[in-house]
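Working notes, beginning with the structure itself.
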Amino acid sequence: MAKKVKIGFYNDEGVLLSALKVLRHKDIKIHNVFTPYPVHGLDDIIGLKKSRLPIVAFIVGALGAFGAMGFQIWSLALDWTINIGGKPGLAIPSFVPITFEIMVLSGSLSMVAVFFLRNRLFPKLKVDNIIDPRATNDHYVVSIDPECCSDFNSNELENILKETGAIEIQDKEVIE
Amino acid sequence: MHDESKREPLVHSVSSLGQITEEVSKPLNERPNKVWYIYFGISLALLLFGAISLYFTLFEGIGTWGNNKSVGWAFAITNFVFWVGIGHAGTFISAILLLFRQKWRNSINRSAETMTIFAVICAAIFPVIHLGRPWLAAWFLPYPNSRNLWVNFNSPLLWDVFAISTYFTVSLVFWYIGMVPDFATLRDQTKNKIKKKIYSLISINWNGSAQSWSRHEIVSLVLAGLAAPLVLSVHSIVSTDFATSVIPGWHTTIFPPYFVAGAIFSGFAMVLTLMIIIRKVFNFDKYITLYHFEQMTKVIILTGSLVGLAYSTEFFVAWYSGNGFELFAFVNRATGPFWWAYWIMVTCNVVSPQLFWFKKIRTSIPAILILSILINVGMWFERFVIVVTSLHRDFLPSSWTDFSATWVDAGLFIGSFGLFFTLFLLFIRVGPYVSIAEVKDLAAKKLMRRSEDHG
């Protein structure tokens with residue numbers, strides 16, 4: 001789904017953050033912000049919720065740990081005990097290292113997989129969702145949905161962006 | 001936190017964020033210089049030697065090695081432990097220093113992580129070819145099979161399989177996730193159509209939105225939190241290959257922490273060697289500064305001292321335990337046929353890192369380069385001493401023997417360096433070997449302050 005937005009370009013982190021505060025103050029809904037690196041404090045200003053990805057890592061990691069320990073107990077103590085120097089088949093302490101490794105492996109891989117899915121990160125020959133090539137280089141881009149803010153018309157929005165320090169303003173269609 | 005009023009600035013003479021993109025991607029867009037070709041030629045030659053040795057190992061068998069009935073483990077295991085250890089510094093820099101919020105890691109993080117990946121590849125080759133029948137390596141995996149047996153989960157050698165493959169996978173994922181935003185930057189800047197296609201594919205649709213950065217940060221943090229205990233577990237598990245046996249000189253409880261300290265020690269030495277080289281090849285003084293080198297030498301002082309402490313503790317306990325076999329093993333190390341290996345190890349690992357207490361040495365690049373190479377030599381000999389001297393004089397004097405390496409042993413060892421440097425030199429031609437986004441993070445703070453100063 002294509003969506004029309006108004007985008008403003010900034011070229012300084014400090015100016016960007018104060019601009020976002022002004023926009024929030026005026027109750028203008030910020031559609032998105034694109035930055036070349038993670039800008040700290042941005043999440044709070046635009047009201048992003050904290051990601052729940054660590055929960056995925058925790059749950060799948062715990063499942064992996066139980067699975068690994070369970071499999072080792074089942075295979076060596078129940079299914080087919082290998083007699084090595086008369087040592088017991090049910091040797092929980094020596095099952096710990098592999099349990100730990102599988103926990104780390106399953107926790108991290110699952111979290112990364114969900115991260116890719118949630119951000120819609122898939123390999124594509126032609127990328128269709130970049131807002132502007134400068135957004136990954138040296139500019140900070142703020143996009144605003146012009147229809148969401150009934151208090152301001154298009155021109156007023158542009159003026160507000162300019163007042164907050166935007167060096168360039170464009171209308172753009174983005175894919176939702 | 002890195003307080004720049006008290007400490008040296010982390011980035012020098014950067015006037016805009018675009019400049020960073022340009023400078024990091026510049027070597028990727030032009031032909032390499034002469035120095036690169038020279039290094040690459042040497043690496044390829046070493047790799048070729050390794051390939052020939054590998055051919056003989058596979059087609060003649062491991063009888064071409066110097067191993068014998070008493071010294072059943074020698075070069076291959078030494079090289080394996082050596083290379084895994086080298087990799088540890090990369091994870092230490094990328095994960096543990098991230099958790100401690102050490103901002104100076106930002107510009108060296110990528111090359112250190114890259115080193116981890118390639119070092120683990122080099123390491124993994126050795127135990128596999130030591131199997132004798134490497135094509136049966138899949139038997140290590142616990143799958144239902146016609147032999148009706150499960151693998152032995154009590155064996156540290158099997159723990160190794162899981163530890164090394166987990167370590168490699170998680171490091172690879174961590175490395176790639178960090179590179180995605182940089183690939184996107186390169187994708188958006190490149191004029192070359194083919195490059196644009198490739199970068200589009202590997203930057204997987206990254207657009208730098210606030211939401212994706214927020215998740216990226218969380219994922220990096222949690223991965224770092226998982227990788228930090230992982231890296232400690234890997235070398236602990238490697239050390240149990242020795243520590244759970246009943247061979248005097250191996251059978252010591254100090255091994256896991258001792259090996260971890262040694263791993264970080266040798267890894268940092270390797271990072272220093274590599275960084276000094278790439279700084280020369282690409283004129284990267286701006287991003288890899290003397291300040292970074294100084295910080296790393298401080299880590300070397302700490303871990304080097306830990307290693308020295310471990311050597312003396314081992315020796316003390318060998319005597320204090322009252323166990324004759326244990327004491328014999330250690331006295332034999334220092335005064336027996338391999339006394340030279342032992343004293344190379346002590347000189348390089350205990351004495352040389354202590355020289356870094358002097359600021360003059362810590363800030364002199366030639367001195368750092370020489371000492372870092374010495375430490376690498378010393379750490380290789382440490383593993384050699386542990387493996388070979390403990391085995392060549394065992395419980396039965398009739399099976400006492402000597403060990404001498406063959407050219408195939410030497411070739412595989414040298415070839416592993418060839419592989420490592422070839423991969424590394426290729427990577428710095430095609431990938432962002434300085435993290436563009438992370439350096440921008442540092443530079444932006446500086447640029448912002450400047451714009452406030454000038455009103």
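Only Lys, Arg, Asp and Glu count, each charged at its Cβ (+1, +1, -1, -1), so figure out the dipole size of the stretch B:320-455 about its Cα centre, rounded to 20 debye.
Rounded to the nearest 20 debye, it is 700 debye.
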- request: Go through the stretch B:260-272 residue by residue and turn each phi into a ³J(HN,Hα) via Karplus (6.51, -1.76, 1.60, θ = phi - 60°); whole Hz please, and just put x for glycine and proline.
  value: 5, 4, x, 5, 5, 4, 5, x, 5, 4, 5, 4, 4
query: Residue separation times 0.36 nm, minus the C-alpha to C-alpha distance between B:L48 and B:Y320: what's the value?
result: 93.1 nm
- prompt: For the pairing of chain A with chain B, what total accessible surface becomes buried, with a 1.4 angstrom probe, in square angstrom to the nearest 100?
  reply: 5700
message: Using the basic label-point model (7 angstrom from Cα toward the beta carbon), what is the B:R101 to B:K280 distance in nanometres?
response: 3.8
query: What list of ³J(HN,Hα) couplings, whole Hz, do you get for the stretch B:243-254 from phi and the Karplus terms 6.51, -1.76, 1.60, once you set θ to phi - 60° and write x for glycine and proline?
result: 5, 8, 7, 10, 8, x, x, 10, 7, 10, 6, 6
Residue-averaged beta-carbon neighbours from other chains (10 angstrom radius) around B:196-207: 6
- request: Would you tell me the accessible area of A:D27, worked out with a 1.4 angstrom probe on the heavy atoms of the protein chains, in Å² to the nearest 10?
  value: 130
field: Sites B:W343 and B:T363, calculated FRET efficiency, Cβ-Cβ separation with R0 22 Å, nearest 0.05
entry: 0.15
- line: Out of B:H130, B:Y258, B:L302 - ranked by how far each Cα lies towards the positive end of the dipole of the protein assembly as shown, with unit charges on the beta-carbon of charged residues - the top one is B:H130
task: Any chance you could check the Cα centroid distance between the stretch B:329-390 and the stretch A:41-78 for me, in angstrom?
output: 42
Angle in degrees between helix A:92-118 and the longest Cα principal axis of chain A, rounded to the nearest 10: 20
- request: About the Cα centre of the stretch B:24-447, how large is the charge dipole given +1 on each Lys and Arg Cβ and -1 on each Asp and Glu Cβ? Please answer in debye to the nearest 20.
  value: 1820
Angle between chain B longest axis and helix B:17-29 axis [Cα atoms, degrees, rounded to 10]: 60
statement: Whole-percent carbon and sulfur contribution to the accessible surface of the protein assembly as shown (1.4 Å, no ligands, DNA or RNA) stands at 66
field: Per residue solvent-accessible surface (Å²) - the stretch B:123-201, probe of 1.4 Å
entry: 47
field: Residue order for B:C348, A:C148 - accessible surface, 1.4 angstrom probe, largest first
entry: A:C148, B:C348
query: Once both labels are modelled 7 Å past Cα along the beta-carbon direction, what's the B:N68-B:S312 spacing in nm?
result: 3.7
Solvent exposure of the stretch A:1-134 as accessible area per residue, Å², 1.4 Å probe: 53
- prompt: Going down the table (B:K193/B:K440; A:K4/A:K126; B:K286/B:K440; B:K195/B:K286; A:K126/A:K172), which pairs top 23 Å between alpha carbons?
  reply: B:K193/B:K440; B:K195/B:K286
field: Between 0 and 90°, nearest 10: helix B:156-189 axis offset from chain B longest Cα axis
entry: 20
statement: Net charge near A:R118 (other residues with Cβ under 13 Å of its Cβ; Lys, Arg +1; Asp, Glu -1) is +4
field: Cα-projected label distance for B:W139 with B:L172, points at 7 Å along beta-carbon direction, nm
entry: 2.4
task: Leaving ligands, DNA and RNA out of it, work out the accessible area of B:W73 with a 1.4 Å probe and give it in Å² to the nearest 10.
output: 60
- request: At a 1.4 Å probe radius, which order do B:E30, B:E294 fall into by accessible area, largest first?
  value: B:E30, B:E294
- prompt: Quick one: Karplus J couplings for the stretch A:38-44, per residue in order, coefficients 6.51, -1.76, 1.60, θ = phi - 60°, nearest Hz, x for Gly and Pro?
  reply: x, 8, 6, x, 5, 4, 5
query: To the nearest 10 square angstrom, how much accessible area does B:F168 have with a 1.4 angstrom probe?
result: 60
task: Report the paramagnetic label zone for B:L28: residues of the stretch B:198-221 whose backbone N is under 20 Å from a point 7 Å from Cα along the Cα-to-Cβ axis.
output: B:198-209, B:213, B:216-217
Sites A:K21 and B:L221 - FRET efficiency at Förster radius 41 Å, r taken between beta-carbons, to 0.05: 0.95
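The values are calculated or read from the model by the stated rules, or taken from the named source; none is laboratory data. The structure presented is a predicted model; accordingly, all values stated were derived computationally and were not measured. Every residue, glycine among them, receives a Cβ derived from its backbone with ideal geometry; neighbour counts consider all protein chains shown. Note: accessible area is taken over every heavy atom of the protein model, side chains too, but ligands, DNA and RNA are not part of it. Shrake-Rupley method; radii C 1.70, N 1.55, O 1.52, S 1.80 Å.
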